[in-house]
1. So which residues in the range 10-38 are part of a loop (DSSP other than H, G, I, E, B) and within 26 Å of D115 (Cβ to Cβ)?
2. Six or more apart or on different chains, Cβ atoms under 7 Å: show the pairs whose first residue is in the range 54-79 and farther than 26 Å from R135 by Cβ and of a type in the set (G, A, S) and whose second is at pLDDT 95 or above and in a strand (DSSP E or B).
3. Among the residues of the range 388-405, which ones are open to solvent by 40 Å² or more (accessible area, probe 1.4 Å) and out of contact with any Leu (no Cβ under 9 Å at 6 or more places or on another chain)?
4. Restricting the first residue to the range 1-30 and requiring it to be within 18 Å of V390 (Cα to Cα), which pairs with a second residue that is at pLDDT 90 or above and open to solvent by 40 Å² or more (accessible area, probe 1.4 Å) meet a Cβ separation below 9 Å and a spacing of at least six or different chains?
5. Those residues that are open to solvent by 10 Å² or more (accessible area, probe 1.4 Å), in a strand (DSSP E or B) and in contact with a Gly (Cβ under 8 Å, 6 or more places away or on another chain), I need them from the range 39-64; list them, please.
6. Does the range 298-313 contain any residue that is in contact (Cβ under 8 Å) with a residue 60 or more places away in the chain and within 23 Å of V129 (Cα to Cα)?
7. Does the range 1-29 hold any residues that are under 13 Å from the mean Cα position of the chain (by Cα), open to solvent by less than 30 Å² (accessible area, probe 1.4 Å), modelled with pLDDT under 95 and at negative phi, and which are they?
8. Can you name the condition, by its number, that D171 falls short on among (1) buried (at least 16 other Cβ atoms within 10 Å of the Cβ); (2) free of Cβ contacts under 8 Å to residues at least 60 places away in the same chain?
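The values are calculated or read from the model by the stated rules, or taken from the named source; none is laboratory data. Quick caveat, the model's predicted, so the values are computed rather than measured. Positions of Cβ are generated from backbone atoms using ideal geometry, with glycine treated the same way; all protein chains shown enter the neighbour counts. Keep in mind that these areas ignore ligands, DNA and RNA; they rest on the heavy atoms of the full protein, side chains included. Shrake-Rupley method; radii C 1.70, N 1.55, O 1.52, S 1.80 Å.
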Amino acid sequence: MRGAPSVLGIVLAGGAGKRLMPLTADRAKPAVTFGGTYRLVDFVLSSLVNGDILRICVLTQYKSHSLDRHVTTTWRMSSLLGNYVTPVPAQQRLGPRWFLGSADAILQSLNLVHDEQPDYIAVFGADHVYRMDPRQMLAQHIEHGAGVTVAGIKVPRSEAAGFGVITPAADGIQVRGFLEKPSDPPGLPADPGHVFASMGNYLFSTKTLLEALHEDAEDPQSVHDMGGSILPMLTEKGVVQVYDFDTNHVPGETAGDHGYWRDVGTLDAYYDAHMDLISDQPAFNLANLRWPIYTHAGQLPPAKIAAGGIVGESVISPGCVIRGHVTSSVLSPGVVVDAGAVVQGSVLHHNVRVGRGAIVRGAVLDKNVDVPPGATIGVNPGRDRELYTVSAAGVIALGKGQQVR
């Protein structure tokens, strides 16, 4: 009796994340803190592990030390059962070059596939916030005999330029068109104002992936990217199917956070996703213990609201000490808000200190930023633009340990 199909997870975590500067000035994007205690990579790894994909390679490249350390110290699986989550740096196995794109990253790491000999390969991105049961996607992939199944989600047509756009056939499953970040894509026949966007999550039959990677490597015109090269090629061959993310259900989800997925590749998207966490009925519920997001937050005491401290509609992590006023914010471990200080609509990373009487509004402060007593951020827009990074929507961002003036 044959057991369950074997699936190797490959997480693409090698992107530079330039649009998320200055948070990526010192680390890879998947290592950026999110939701107080988590790293972005924890969301994809949690979905894979909760979905019984227990052999996972995380392909890294740029500024990977923080990411490598987090994966190796946090994601320890049962070696007795042969399970693992391991970071795999660029190794230049095919010559003295770094990864040319996400497809080339897998091509240069095919020793991992040859070692495992899996039936299927889950190639997932590392920098999105969501919950997903990959077993349901795999079941559709096997049932319909696809070469590759790509997870898709409906987004407004006006936002399509940031995604790979899937054009489904009449049956709603077969893919007849795939455009990478088009400026003017066709809308869905039944919903012209929306498109099917690729989530960057793919399930391949192993043979299909290997053949596509080798064919792509021989094409001098290719950009060697999964969305820009491999998916269009396989769409032309007629072996691509789409999995509608809206049909995916995980234990413990609510009607409000079902189908939640956010690409947090820009400061504005990163900030908005944090604001999704803080209401009484959040758009994304971190407290779903039936499908947990795993991480390691360190050994810290509980958060403390000291005399005079006031907190409203916020996420407060262990080790925080609040003596001032915090509203509509997300605080990572070790944040201190001194007496008389005001923090509103902000995201404060590890060990940020907001001094007595200081004001922080609409800001993202990376770890170890020290806001001096009486200083202001988010009060004088003109001054903020002169001193700090400010997004298109006005989110103020300070990098790791950046001096506040």
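1. G14, G15, A28
2. Between residues of the range 54-79 that are farther than 26 Å from R135 by Cβ and of a type in the set (G, A, S) and residues that are at pLDDT 95 or above and in a strand (DSSP E or B), there is no close pair.
3. G401, Q403
4. That search, which allows pairs on different chains as well, returns R19/T266; L20/T266; M21/T389; P22/T389; P22/K400; P22/Q402; L23/K400; A25/K400.
5. Hit for the range 39-64 is R55, nothing else.
6. No: the range 298-313 contains no residue that is in contact (Cβ under 8 Å) with a residue 60 or more places away in the chain and within 23 Å of V129 (Cα to Cα).
7. A13, G14, L20, A28, K29
8. Just one mismatch for D171, condition (1).
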